[in-house]
Structure formats: structure tokens, C-alpha cells
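This report concerns only the one structure given below.
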Amino acid sequence: MSTTYSATYHTAAGHYYQATVFLSAVTITIRYNDEESQVKDVNWLTKDIIAFNKQIIGGELQYRNNRGETERLNIRDQQLVDALQKTLKHHRIFGKAHTRVLGNIWVKLGVIAGIILLLMTGVYLWLMPILGERMAKGFSKEAEINMGEQMYQSVKQQYRIDAQKTAILNQFYKQLHYDVGYPVSITVVESNEMNAFAIPGGHIVVYDAILDQMKTPEELAALLGHEASHIALRHSLRNIFRSMARQMLISIIVGDQSGIVSVAVNNADNLKGLQYSRSLETEADNSGLRLMVKSRINPQGMRRLMQLLQKESGGGEPAAFLSTHPVFKDRIQNIDLQLQQLTPVATANDSLKTIFHSIYE
């Protein structure tokens, strides 16, 4: 045993020591100093060596002692690895069969890891939004209004509010007599973007750029009816919960509404770019049409609004409102179909026209 090598010896109890290793065809002697600096020798019978793992840096030799426990020798010395292969060349751990077994094990582990990764991805992409949707359904109206107010307070800090147009639009909305079950409040903000969005619980934010493109009170009534429908149908709430479900996971699981509100308020800025699915947009269009018909406002205003927005989307980069809403051609076709089924009875509303024209004075 004149040739010695270095390695790290791991006991079955989990302790490890820097050791000197001596090799023979029958035994491997491991010499180390314990905690009291006493020299200890451990003798492994080569026949009881159970594995040599080449996947770990340098290699790891595993041994089963007479108590059935596993001890390990962590090897970083390539000379020791070479010596082991030479001394124990007939041992099963260095045979081709063992190599195939180890290879198969790693292949199986890779497959298992891939399956686990796929499952985790599925949970992340599919289950989380479903949990968010279910939580939205159980979210009380009172909590929604309270959360929406907090989100609105956060959102409005990012804009310059046009107080005069805000007052006029709220007066205009009041004249529409839309009954959506929520206390709707409208805020006009200064921006070059063509956009408008609804906040859960009742707030609607309208950019003055889209307001400046309105030609008739019916078009504005259509825009407000569409956004108010998003609120009434809880589209904004559902979309927020779906998009932020991953961040809200713990609160969703334990039903902590205060935690959910906190996450939503902290992400309030995402509202302006929140995308609705095609089905939700169609639902809001149809609901907006019904609101207009019920209030005896010409529902053709909804069609003209879509044509206006479609025109604005032609050429160049689409505006924010356009990029977050489905293709207008399909929506116009749906509106035409709905108009065939409705029996609108529009009446002249001079006060509505007066308020509308005062926006641009």
C-alpha cells in the first residue's frame, strides 16, 4: 500500500473527513483523523462496493457496510479514479452492464424531470388563470368596488386629469340612464393615445385623444356603454385575477381578499394595457348595444364607433386601445347581426346633444 491518494470520506451518519486512501485488489483502506485528532482506519471490502458514480465531479464510490448502511468516498483525484479502474477492472461497477444500468437510470431520471417540468408548466399556464377566474366569481361586489377605488387612486396619479371634460362626461353619462348595477364614474385624462379602459367597481378612464375623434353623441354613448358593460359583466375584475393569478396564488388558496387587493392595487398600471378575449369584447359590444336600445339611443352609434376605430388603426402602429381589442371587421359584422335582431326605437335627445357639443367648446 505504498501509493496513496486523497479523497473525502462520508460516513453513514453524515459526517465527512479528508482522508488518505490505500488500494488493493481486496480492500480499500481509508485513513482519516476524527474530531479528537485520533487516526482512524476504515477498511472496505471491494466485493461490498455497490456503485461508482461518474456523474459527480471526479467520481463517487459507494459502499455498503456490515450494518447495511451506505458510506461514500468523494473523489476529486483523477489518479485515484484511474487506479480504481485498473485495480478493480473485473469488478461489476466498471463493467459494461453497470455502465448501461447507470445510463438507463439517468435517461429515466431525465424523462421524469421532463414530465415534472411539463406538469409545473401546465399548472402555471392553465391552472393559475382558472383559480383566478374562480376567485373572481367569489369576490363580493363591495370588495370589488373598494378594490377598484384603490386602483383608481393609484392609476390617476400617472395622468393629468382634464377636470372640465371629466365633469361634462359624467353629466353626459348621467343623461344616458344606463343601469349597470355599479356607481360609474368617468375621468378624462390627457394623452395622445387612443384609449379607454374600465376599472373594477365603476371607474372608467377615457383618454382625450379618443374623445377628440368622436363626431356624434351616439358614438360617445357607444364607447361608454361598452366600457360600462365591462364593469357590469365583471370583465375587468376577471381579467385582472386571471393575469395576476400567479402573484395572487397564496391569497387565492387561503381566500385572503386583502392580499388579493394589495396585489391588484400594486399592479393597477397594467389596466390600460389589459387585453380582453374576443368573446369578452363581443359580450361587451352586445351589452352596450342593449344599453343603448333600452335608453332609446340610436345603436348605429356602436357601428360608427367601430368604423372610426378601424379607420384609426389603418397604417402605422396601432394605438393602445386598438392593440388591446379584437379585429374591428369581425366586431362590425357581429354588431350588424345584433342590429338585425334588435328593434331599436331611437328618440331625439336634445340635452344629450347639448352636453356632447359642450365638450368641444
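The values are calculated or read from the model by the stated rules, or taken from the named source; none is laboratory data. No experiment lies behind these values; they were computed from the predicted model shown. Virtual Cβ from ideal backbone geometry, glycine too; neighbours counted across all protein chains shown.
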Original post:
Do we have Phe52 as over 14 Å from Asn74 (Cβ atoms), surrounded by 11 or more Cβ atoms within 10 Å (Cβ to Cβ), assigned by TED's automatic domain parsing to the domain that holds Asn74 and among the aromatic types (Phe, Trp, Tyr) here?
Top reply: no
**OP:** Go through region 60-91 and count every residue that is farther than 19 Å from Tyr32 by Cβ, in contact (Cβ under 8 Å) with a residue 12 or more places away in the chain and surrounded by 13 or more Cβ atoms within 10 Å (Cβ to Cβ).
**Re:** 5
**OP:** Restrict the check to region 260-270 and report whether at least one residue is in contact with a Pro (Cβ under 9 Å, 6 or more places away or on another chain), farther than 30 Å from Ser358 by Cα and modelled with pLDDT under 90.
**Re:** yes
Original post:
Can you tell me which residues in region 31-51 are under 54 Å from the mean Cα position of the chain (by Cα) and part of a strand (DSSP E or B)?
Top reply: Tyr32, Asn33, Trp44, Ile49, Ile50, Ala51
**OP:** Inspect all residues belonging to region 141-157 and state whether any of them is more than 19 Å from Leu289 (Cβ to Cβ), of a type in the set (Phe, Trp, Tyr) and in a helix (DSSP H, G or I).
**Re:** yes
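A quick yes/no check of all residues on (1) more than 25 Å from Arg303 (Cβ to Cβ); (2) in the same structural domain as Asp285 (by TED's automatic domain parsing); (3) in contact with a helix residue (DSSP H, G or I) (Cβ under 7 Å, 6 or more places away or on another chain):
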{"site": "Ala163", "(1), (2), (3)": "yes, yes, no"}
{"site": "Glu190", "(1), (2), (3)": "yes, yes, yes"}
{"site": "Glu219", "(1), (2), (3)": "no, yes, yes"}
{"site": "Leu237", "(1), (2), (3)": "yes, yes, yes"}
{"site": "Phe241", "(1), (2), (3)": "yes, yes, yes"}
